[in-house]
There are 2 protein chains.
Amino acid sequence: MNPVLSISRRTRSTPFTRRVTEAGVKGYTVYNRMLLPTVFEGFEEDYHHLKKHVQVWDVACERQVEIKGPDAFKLVQMLTPRNLAKMGEDQCYYIPVVDEKGGMLNDPVAVKHSYDRWWISIADSDLLYWIKGLALGRGLNVDIFEPDVSPLAIQGPKSDDLMARLFGEDIRDLRFFRHRKIDFNGTSFTVARSGYSVQGGFEIYVDGSEHGEPLWDALFEAGEDLNVRAGCPNLIERIEGGLLSYGNDMTIENTPYEAGLGKFCKGDAAKGCIGADVLQKELENGPKRQIRGIAISGSATPPCRNPWPIMSGDEKAGQVTSAAWSPDLNTNVAIGMIDKAHWKIGNKLTVQTPDGTRDCEVRKMPFI
Amino acid sequence: MNPVLSISRRTRSTPFTRRVTEAGVKGYTVYNRMLLPTVFEGFEEDYHHLKKHVQVWDVACERQVEIKGPDAFKLVQMLTPRNLAKMGEDQCYYIPVVDEKGGMLNDPVAVKHSYDRWWISIADSDLLYWIKGLALGRGLNVDIFEPDVSPLAIQGPKSDDLMARLFGEDIRDLRFFRHRKIDFNGTSFTVARSGYSVQGGFEIYVDGSEHGEPLWDALFEAGEDLNVRAGCPNLIERIEGGLLSYGNDMTIENTPYEAGLGKFCKGDAAKGCIGADVLQKELENGPKRQIRGIAISGSATPPCRNPWPIMSGDEKAGQVTSAAWSPDLNTNVAIGMIDKAHWKIGNKLTVQTPDGTRDCEVRKMPFI
């Protein structure tokens, strides 16, 4: 029923694509003009496995924008309302990036290597173009480019065990959103404790495409008895965990406050970034709508391909942008944006899905 | 064999997606984070039909970047080496857009509405971000946004007949890359004689998503006896016609000269645009490699998902980036970039395809 994906050079393959194919990938999406697997055995099978064992994910589509040079810090701080002043050289920060109207352009992770060298690990939009245009327009002294760096994620409760076997017991001490170097095959990679699941794990920033398959193979060899499998960001698990998807749950039409990211928009840094005036005004007045968890009644909904209207009687109250059946919670879990008058936790509303109107309830996120 | 495409809000549906689905679309690609059909009956069936009849194409993925305001002309001229000084308010120009290193960021069509209002009809990259970043950095007085405009292409030899039935005989007089207004259902759309095939036709810039299905339906009703069908850019026909695909045949790694677009990089305009120094140097020295047509021997090749090395003996001579079997030419036609030492028309080389090494020959483009 789903059309196939026509793959070309433009929908870029990754250093891991051959292994992903061998592992029996059944579905893809295109993310940053690159292949991102969406399903292997099945959404529910992948979900149960992720929560119990360990998976290796091809997330090469999390492309890096490298910013290098004397003005690098100044430029990165210009991009985001989050205060980067105290960030260490072993830290990663989740940063909303906004335009001059306060609209979100991306929600990347900034990886600080040093004051004058950063990676911006991007969600699905060409942030490279925004950063390059801005730097050129302002005449900043920086070099900006996409390096040959492809993240590979290790996710699931047995992630520490698998990583320790390959890289030594010390890796267990790596703290959340901190990074360090690991050695592999005569080279070294940055690794962070991070990833797009709430099951715990790591992201290895594989520097050099030629190392992709050897690293993949080493992980599978070391993890055979841990029941390691090829996986991918799982729709059900990420909604349960309240992990937002840029382009799905928020777009350039939304401010960080609407996306529930207000805590990253406070203080002096926020007053100097692009869009500061608009953000300051929204801080004072509060957003008109905001991201919420939503539980949808009934059996499994179809996939959410377009926003589904949320209604309060005959009045539009918001929209659902991501939805999936949660086996563990025994309900449909969803993410959406709800107008201020209706966003209170526990509110009962309805949602217009492609197969009919259903009851729904505003919930706290994460669900789990 | 091909994995299915997982569709979400992030891989945006278009105002025509429902009709495209009803018409039996079999394959999609994602282009500008939007669904672009790639095949209906089959690549060859679609190809023969396109060359004989008339097709309606959902090319909503050709998103518009609207630039509006007193500095609009200045900004657009800054983006491209092509001279826009004499461009009329009824003209479209194909413009290479380059960065400060002369690397191509996109190859859009600029649609001039007036001196202070332009649409940039983009190929596959977020040119919105580049233009916004640049304008903000330079402090230009312009508003830049993506309007709710979705191109619908009418392509094939019977395009004039179909368009004349709906919009009157005058439409036949519209010249290549000129645009005008047409009335439909109480509103009006910009229409241009243009499109991503060499069979002739039009692109209607549907302004307002709500008009998508009514226009689609009107075209199919009016064209029933013309054998009108749903179609899409056809891989075989576009290679035969020498139409380049940004992201496939050239990327940010290539200059316009390498892409064979040197004729758009001359004169005074080229001296003022971003990347001017690099382009001037390349004009003087000539590019080191350049786009060529390539005929590949043997039966139909597999699809080109990654560049295929072109060899001269043991020496790398270039790469193929698009390839397809041409029923009309009875050979595989391809597009690639070939190093200066080997790019002469008629040169015999070899190409490493996924199913083995084949003989190939450098050819003029377009093939037909």
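Listing for the model above:
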| quantity | calculated |
| --- | --- |
| Phi-based couplings in Hz for region A:345-357 (Karplus 6.51, -1.76, 1.60; Gly and Pro marked x) | 4, x, 4, 9, 9, 10, 9, 8, 8, x, 10, x, 7 |
| Cα centroid separation, region B:54-96 to region B:1-21 (Å) | 27 |
| Assigned charges on the beta-carbon of Lys, Arg, Asp, Glu; the protein assembly as shown dipole about Cα centre (debye) | 1220 |
| Contour minus Cα-Cα distance for A:Lys271 and A:Lys181 (0.36 nm per residue) | 29.0 nm |
| Positive-pole candidate from A:Asn332, A:Pro302, A:Ile345, dipole of region A:288-368, charges at beta carbon | A:Ile345 |
| Potential lengthening between B:Gln352 and B:Lys101 on full extension [0.36 nm per residue; Cα-Cα distance subtracted] | 87.3 nm |
| nm² value of the averaged projected area, convex hull over the Cα atoms of region A:99-194 | 8.2 |
| Per-selection Rg to Rh, region A:65-129 - Cα, Kirkwood hydrodynamic radius | 0.93 |
| Karplus (6.51, -1.76, 1.60) ³J(HN,Hα), θ = phi - 60°, over region A:67-74, in Hz, Gly and Pro reported as x | 10, 9, x, x, 9, 4, 4, 4 |
| Gain in span if fully extended, B:Asn227 to B:Gln280, counting 0.36 nm per residue against the direct Cα distance | 14.1 nm |
| Kirkwood Rh, Cα atoms: Rg over Rh of region A:228-325 | 1.04 |
| Using a Förster distance of 35 Å, the FRET efficiency for B:Ala164-B:Lys340 (Cβ separation, nearest 0.05) | 0.15 |
| Under 5 Å, built H, 5+ apart or other chain: amide partners of A:Thr353 | A:Arg358 |
| Rounded to the nearest 20 debye, dipole of region B:288-368 from Cβ charges on Lys, Arg, Asp, Glu | 340 |
| 5 Å-binned pair-distance histogram of region A:15-94 (Cα, whole percent) | 3, 11, 17, 16, 13, 10, 12, 12, 6, 1 |
| Packing rank of A:279-288, A:18-27, A:152-161, where each peptide gets the mean count of other beta carbons within 10 Å, highest leading | A:152-161, A:18-27, A:279-288 |
| 40 Å tail of the calculated P(r), the protein assembly as shown, as % of Cα pairs | 33 |
| Residue-averaged 222 nm ellipticity for chain B, from DSSP H runs of 4+ at -39500 (n - 2.57), nearest 500 | -6000 deg cm²/dmol |
| Separation in nanometres of the label points that stand 7 Å from Cα toward Cβ, at B:Asn2 and B:Tyr115 | 4.8 |
| Sequence-separation-based contact order of chain B, relative, with Cα cut under 8 Å and 6+ spacing, percent | 17 |
| Highest-first arrangement of B:173-182, B:92-101, where packing means the average Cβ count within 10 Å | B:92-101, B:173-182 |
| Set of lysines near B:Lys51 by C-alpha distance (under 19 Å), chain-local residues within fewer than 8 positions excluded | B:Lys158 |
| Simple Cβ-charge dipole of chain B, Lys/Arg +1 and Asp/Glu -1, about Cα centre, in debye nearest 20 | 960 |
| Distribution of pairwise C-alpha distances over region B:1-153, 5 Å bins, in % | 2, 8, 16, 18, 16, 13, 11, 8, 5, 1, 0 |
| Computed E for B:His48/B:Ser188 - FRET, C-beta separation, R0 41 angstrom, nearest 0.05 | 0.75 |
| Phi to ³J(HN,Hα) by Karplus 6.51 cos²θ - 1.76 cosθ + 1.60 over region A:278-288, Hz, x for Gly, Pro | 5, 5, 4, 5, 6, 4, 6, 8, x, x, 8 |
| q = 0.10, 0.16, 0.21 Å⁻¹, region B:288-368: log10 I(q)/I(0) [Debye, one scatterer per Cα] | -0.18, -0.48, -0.86 |
| Once the Cα gyration tensor of chain B is diagonalised, semi-axes √(5λ) in Å | 32, 29, 18 |
| Above-threshold pairs, the threshold being 27 Å between Cα atoms, out of A:Lys68/B:Lys68; A:Lys266/A:Lys316; B:Lys266/B:Lys340; A:Lys263/A:Lys344; B:Lys181/B:Lys271; A:Lys112/A:Lys263 | A:Lys68/B:Lys68; A:Lys266/A:Lys316; B:Lys181/B:Lys271 |
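A short reminder: the numbers here are calculations on the coordinates, not readings from a lab. Quick caveat, the model's predicted, so the values are computed rather than measured. No Cβ is skipped: glycine too gets one built from the backbone with ideal geometry, and neighbour counts run over all protein chains shown.
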